[in-house]
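This report concerns only the one structure given below.
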Amino acid sequence: MNLKQTEMATVDKIRNELIDKIMSIKNRDFLEALDKLISSSSSESDVVELTKEQKVMLKMSERDIKSGNLISQEAMDKRNLEWLNAM
C-alpha cells in the first residue's frame, strides 16, 4: 500500500468512526449544531489563522505529549459516549 492509499484508508477509518459516533447521538440540538458546523466548514485549501490563545493551547498540548500526559483513544471514546449519553 502506498502513502496515498494509506492516507485514504486513514480518512475512511476516521469517517466511519465519526458516522458511528453520530449515529449514537440522540440530542437534537447537538445534532443541529454539528450539522451547522459541518455545513459551514471551510475547504481544505483555505488557510486558517490561529488566534494567540489557540497557539498557546497547541503548545500546551505538545508539552502534554512530550511528558506523557495522554489517554488512549479507547478511553477518550468511552468518556465521550458517557458525556453524550448524559445529555
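The values are calculated or read from the model by the stated rules, or taken from the named source; none is laboratory data. Everything numeric in this text was worked out from a predicted model, so none of it was measured. Note that we place each Cβ from the backbone using ideal geometry, even for glycine, and neighbour counts take in every protein chain shown.
Of the residues making up the range 32-40, one or more are at negative phi, among the small types (Gly, Ala, Ser) and at pLDDT below 90. Annotation: of all residues in the range 59-81 being surrounded by 10 or more Cβ atoms within 10 Å (Cβ to Cβ) and polar (S, T, N, Q), the one that is farthest from the chain's Cα centre (by Cα) is Asn69.
Applying the selection to the range 41-76, what residues are of a type in the set (Val, Ile, Thr), at pLDDT below 95 and more than 25 Å from Met87 (Cα to Cα)? Can you show your working first?
Kept after step one, since they are of a type in the set (Val, Ile, Thr), are these residues of the range 41-76: 47-48, 51, 56, 65, 71.
Then drop every residue that is not at pLDDT below 95, which leaves 47-48, 51, 65, 71.
Matches in the range 41-76: Val47, Val48, Thr51, Ile65.
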